[in-house]
Amino acid sequence: MKRVALLLVFIAGWAAPGAFAQDSEHVQVGVFADYFRLSQTNTNLFGVGGRASFRAYKRVKFEAEMAYDFDRAFTEGFTDDTTGTVTIQRTDLRVLHGLFGPRINLGSHALQPFVTAKGGFINFRLDHAPATFGTFTSTVSDLRNNNVMGTFYAGGGLEGHAGPIGLRLDIGDEMYFNNTHHNLRVTFGPVIRF
């Protein structure tokens, strides 16, 4: 009986890595650089974000992400007959995005196209404080007190992997519901699969 039990433990130990290799990706985490084109004011905003996803069914994953776009500087020029003056101003506009929804992989190889549809929130904030971790945490903690709108993001992209590490590019339309504004959003960054 002991020999049979040892044999079963040996077979299970030998077969388990093979079964896990066939189904190796359960969780994925990543960070990204974020580009957001605010259509209402034609402002280009740049920021950083992070995302995490877990596999729900074969090619379907559910993922959550959050991004923080920093304020942007712009120049103003004034001229008169004798001199010209250029000043640099900050917009003080910062954007916090939070999205959750399904992602469907369209391939199963090292290079995978995908489509996604997510819902969430967007928070526009006018703040002249410097961009620090403390500013970010106060932005998140003040979400209920400020201008938060619902969003819908529809997009797609391409993800490539070499082992557990890969790169991901997302392109899509993030619509926020205040007279429905369509905004281009692009993210790019590394991902790790577990």
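The listed residues H161, H182, H109, H26, once ranked by accessible area (1.4 Å probe) with the largest placed first, stand as H109, H182, H26, H161.
Solvent-accessible area of E65, all protein chains in place: 20 Å² (probe radius 1.4 Å, heavy atoms, ligands and nucleic acids excluded). With the simple spin-label model, which puts each label point 7 Å out from Cα in the Cβ direction, the D92 to S108 separation comes to 5.5 nm. At a Förster radius of 22 Å, what calculated FRET efficiency corresponds to the Cβ-Cβ distance of F121 and R72, to the nearest 0.05? The value I calculate is 0.55. Counting only protein chain heavy atoms and rolling a 1.4 Å probe, the accessible areas of S108, S53 rank, largest first, as S108, S53. Accessible area per residue (1.4 Å probe, heavy atoms of protein chains only) ranks L93, L126, L169 as L126, L169, L93, with the largest value leading.
The values are calculated or read from the model by the stated rules, or taken from the named source; none is laboratory data. Please read all numbers here as calculations on a predicted model, not as lab measurements. When we count neighbours, we look across all protein chains shown, and the Cβ atoms used for this are built from the backbone with ideal geometry, even at glycine. Each accessible area value is taken on the protein alone, full model and side chains, heavy atoms only, with ligands, DNA and RNA left out. Shrake-Rupley method; radii C 1.70, N 1.55, O 1.52, S 1.80 Å.
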